[in-house]
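Encoded as C-alpha cells, the structure appears first; notes follow it.
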Amino acid sequence: MCGIVACRTSRPAVEYLRVALRRLEYRGYDSVGVALRTVTGDVARLRTTGRINALDQLVDQWAGTRLDGAGLGHTRWATHGAVTEANAHPHTDCTGRITLVHNGIVENADELRDELRAGGHRFATSVDSEVLCHLVEHARARCGDLFEAVELALSRVKGSWALAAMEAQAGRIVVAANGSPLLVAHAPHGDFAASDIGAIAEWVDEYRVLDDGDVVELAASGRWSRRGGVAGQRPAAIKCTWHACDADRAGYADFMAKEIDEQPEAVSRVLDQLGGGIATGELWAGLGLPPFTRLRVIGCGTSLNAGQVIGHAVRRLGGIPTAITVASEAAEEIPDASQLCLAISQSGETADVLHAMESTAVSGSPVVALTNNPHATLARRAHAVVECAAGTEIGVAATKTFVCQIVAGVALMISALVATNRLASATANRLVDDLRRLPDQLFAAATVAKCVVPPIVDQVGTATGFIFLSRGAGLPYAAEGALKLKELSYRWAEHYPAGELKHGPLALISTGTPVVVIDNGDPKLALNMAEVRARGGHVVSIGPAGCDVPLADIRQQPWGPLESAVPLQIFARNLALALGRDVDKPRNLAKSVTVE
Ligand code: F6R
C-alpha cells in the first residue's frame, strides 16, 4: 500500500528520501513522487508512474535551484483515480506553497471538493488526497499557521489518514495520523516521519508511533496535539530493532527465496521467545485475559489460512468450538458473549481486520492480536498481543510470517488450554517437543523441495489452472498453496476439501490438469487421487515417503502438515519465475493493505 516519508535534514532531503522510498518499495506501489524544498523556498515536485529508478533519473536531471533539507516522498498504490503522473503524490494547493502526501481514504471528498471549488480552489485531479491539500491551504489562509491549519482541515474530514504537509517557504512540515500508520523520529541526521520504520531505520535509534487524531510538528521539540487538544502524554519511544541486513537479499535471487530459507531459524526464535511459558500455561496467564469457551479467529488471506490451522488445533486439543471469520465479512457474524477473539495480521495494519474489531461480532469480546509488528494499530487496539517474531518480511507474498503465525498461535492456544485445565501439562510438554522439531523438519522439506519441485514445474508449467486438495488439518495448507500460486504466477488456482471434488470441481479435470494433493495421511485421499488420475489429471502429491514431494517424519499433528508449506511456496515461486514474474512484487498486490 502507499508509503509516506517526510524529513527535515541538514543535508539535502533528497539524499534521504531516495533511500527511504526504496525501503518502502516492498509495500507495493504503482507511482512514486517527491516534493523537495529548494534553497529559495520553492518546491521541486517530481513524480512518475515508473519505478523508483525512473524517479532517480528525474532527480539526477534536476537543473533548477539547489535542493534544500526538507522534503516529502510517497509511493502510491492506486485506489481513487487511475495510475497517472497527475494522480501521483505529492499533491499541491492552488498557490504551490503547500505540498502534501497522504495514505488513507477521504470519505467526504466529493462534498469537500464541491465546497472548495465554490470558494475558488482549482483542482488538478480527482484524487481524494488533493482535497486535503486545498483544505489545508484554505485553513492556512484563515489562521496563518500550518500546524493549526492541518488541525482545522482535519476536523472537517471523515475517513482515515497518515499525511505530511510541507510549507515550502518556511520549510515546515506537519504530520498527522488517524487510522493509518505513521511514526516520527528525531536523530542527528534530522527529523523524520514515515509510515514504516524500515524506511528511516538506518538514521534513527528510536521512534514514536502517532495515535489516532495526533497532529505533530516535524521538529525535535515540535508541538504534538491530539484531537485538537494538547496531547497529555506523547506515545512512548520505541527502540528501533530493524537491521539494514533485513533489506539485503544476502546473495539470494529474491527476498522470497531468502525468506523461505529463514523459516527454520524464525521458528526457533518464536519458540525461544515463548517456549518456557507454553506448557506451564504462563504464556496465556501473562496476558491477563478472561477464560473463554469459544474462539473466533479473524484475518485475511494468508493470515486467515494460518488462523484455520490454529482453529483446527484448538478444536482438536481442547474441544473448543471455533469460528474462522474472514475479516471483511465480520459484520455478518453473530456475537458470542463467551468468545475470545484472535485477530491475526502480519502487518497489524490491515484495514479489514481493524474494522472487524469494531463489528458487533467482535466488539465487547477480549481480543488478542497475533502480529509481526507489536507496535502496529492492531496491537495497540487489542487487549493483549503475541508477536509472531518472523523478522522483517520484504516479499509481498507471506512465507515466514505464515509459518511463524501458526507456531506462535498454536503455542498460545496450548498455553491457554493448560492454564484453563483443558490440557494436561504432560501432553503440552510433548507438543512443545514436537514444535521444537519443526525447524529441522522445515529445513529438510526445503532441501527436498529444491531438488524435486523444479522438474515438476517443467511438467505442469504450461497449465492455465491448478487445483489443490486435502482433508482435515491439511486443508488450510491446500488453501495457502493455491493462494501463493495465484498471487505469484497469475494463474488460476483453487483449493477444495478433497471430498468436495465429486460434487462439482471434478468437471474441471481433463488430461494434464495439475492437481496438488497435500497428503496428511487421511486414507480417503488415495481414492480422491485415483478419481483425478482416472480422468487424466496430473496428481502432484506432497506427503509421506512415496509422494512426489516426500516429507520425512511427517506426522499427524494438531497443526497439520506444516512442513508442506515449504514445497508449496517453492512450487509457486518456481512456476512464477518460469513465467517471468516478479516474485517479490506481484502485480496489483501490496504488503500492507490499509484500505477496505
Ligand atoms: C498473501 C498475503 C496476503 C496477506 C493479507 C493479510 O501472501 O500476503 O493474503 O496475508 O493481505 O495481510 P496481513 O497479514 O498483514 O493482515
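The values are calculated or read from the model by the stated rules, or taken from the named source; none is laboratory data. Note that the coordinates shown come from a computational prediction; the quantities given were computed from them, not determined experimentally. Positions of Cβ are generated from backbone atoms using ideal geometry, with glycine treated the same way; all protein chains shown enter the neighbour counts. Remember, those area values only see protein heavy atoms, side chains included, never the ligands or the DNA or RNA. Shrake-Rupley method; radii C 1.70, N 1.55, O 1.52, S 1.80 Å.
Annotations for the structure displayed:
- Matching residues in segment 481-516 - criterion: being part of a loop (DSSP other than H, G, I, E, B) and of a type in the set (S, T, N, Q): 510, 511, 513
- Residue in segment 274-294 that is nearest to the chain's Cα centre (by Cα), counting only those that are over 19 Å from residue 389 (Cβ atoms) and either free of Cβ contacts under 8 Å to residues at least 60 places away in the same chain or within 16 Å of the ligand (Cβ to nearest atom) (or both): 294
- Selected residue (criterion: modelled with the highest pLDDT) from residues of segment 561-596 that are within 17 Å of residue 255 (Cβ to Cβ) and surrounded by fewer than 19 Cβ atoms within 10 Å (Cβ to Cβ): 582
- From the list 313, 323, 330, the one residue that fits, being touching a helix residue (DSSP H, G or I) at 6+ places or on another chain (Cβ under 6 Å), free of Cβ contacts under 8 Å to residues at least 60 places away in the same chain and among the aliphatic types (A, V, I, L, M), is 330.
- Applying the condition of being surrounded by 12 or more Cβ atoms within 10 Å (Cβ to Cβ) and among the basic types (Lys, Arg) to segment 236-260 and asking which residue is modelled with the lowest pLDDT yields 249.
- Within the set 164, 149, 153, the sole residue that is in contact with a Lys or Arg (Cβ under 6 Å, 6 or more places away or on another chain) and outside any loop (DSSP other than H, G, I, E, B) turns out to be 149.
- Once segment 538-596 is narrowed to residues that are in a loop (DSSP other than H, G, I, E, B) and among the hydroxyl-bearing types (Ser, Thr, Tyr), the residue that is nearest to the ligand (Cβ to nearest atom) is 592.
- Segment 482-513, residues that are on the phi < 0 side of the Ramachandran plot, aromatic (Phe, Trp, Tyr) and touching a Pro at 6+ places or on another chain (Cβ under 8 Å): 496
- When the strands (runs of 3 or more DSSP E) confined to segment 1-114 are screened for residues that are under 23 Å from the mean Cα position of the chain (by Cα), those reaching at least 3 such residues are found at 3-9, 31-38, 67-76, 98-106.
- Test: residue in segment 380-393 that is away from the ligand (no atom under 14 Å from the Cβ), over 28 Å from residue 236 (Cα atoms) and either within 24 Å of the chain's Cα centre (by Cα) or in a helix (DSSP H, G or I) (or both): no
- Residues in segment 334-358 that are open to solvent by less than 10 Å² (accessible area, probe 1.4 Å) and of a type outside the set (A, V, I, L, M, F, W, C) were compared, and the one that is nearest to the ligand (Cβ to nearest atom) is 345.
- One residue alone among 416, 408, 445, 449 is within 27 Å of the chain's Cα centre (by Cα), surrounded by 19 or more Cβ atoms within 10 Å (Cβ to Cβ) and within 30 Å of residue 24 (Cα to Cα), and that residue is 408.
- A search for C-beta distances below 7 Å between a residue of segment 163-191 that is outside the structural domain of residue 35 (by TED's automatic domain parsing) and any residue that is charged (D, E, K, R) and crowded, with 24+ Cβ neighbours inside 10 Å, counting only pairs 6+ apart in sequence or on different chains, returns nothing.
- Of the residues making up segment 276-302, those that are crowded, with 23+ Cβ neighbours inside 10 Å, under 17 Å from residue 383 (Cα atoms) and among the aliphatic types (A, V, I, L, M) are 283, 295, 297, 298.
- Subset of segment 306-333 [more than 13 Å from the ligand (Cβ to nearest atom), open to solvent by 10 Å² or more (accessible area, probe 1.4 Å) and of a type in the set (A, V, I, L, M)]: 317, 323, 324, 331
- For segment 538-549, the criterion of being touching a residue at least 60 places away in the same chain (Cβ under 8 Å) and surrounded by fewer than 16 Cβ atoms within 10 Å (Cβ to Cβ) is met by no residue.
- Summed over segment 180-193, residues that are open to solvent by 10 Å² or more (accessible area, probe 1.4 Å) and part of a loop (DSSP other than H, G, I, E, B) total 3.
- Filtering 273, 233, 263 for residues that are of a type in the set (S, T, N, Q) and open to solvent by less than 20 Å² (accessible area, probe 1.4 Å) leaves a single hit, 263.
- Selected residue (only one of 396, 362 is farther than 28 Å from residue 26 by Cβ and crowded, with 21+ Cβ neighbours inside 10 Å): 362
- Checking 60, 93, 110 one by one, the residue that is free of Cβ contacts under 8 Å to residues at least 24 places away in the same chain and in contact with an Asp or Glu (Cβ under 9 Å, 6 or more places away or on another chain) is 110 and no other.
- Residue match in segment 295-305 (condition: within 16 Å of the ligand (Cβ to nearest atom), assigned to a loop (DSSP other than H, G, I, E, B) and touching a helix residue (DSSP H, G or I) at 6+ places or on another chain (Cβ under 7 Å)): yes
- The residues listed here are 214, 196; of these, the one that is open to solvent by less than 30 Å² (accessible area, probe 1.4 Å), closer than 18 Å to residue 379 by Cα and in contact (Cβ under 8 Å) with a residue 40 or more places away in the chain is 196.
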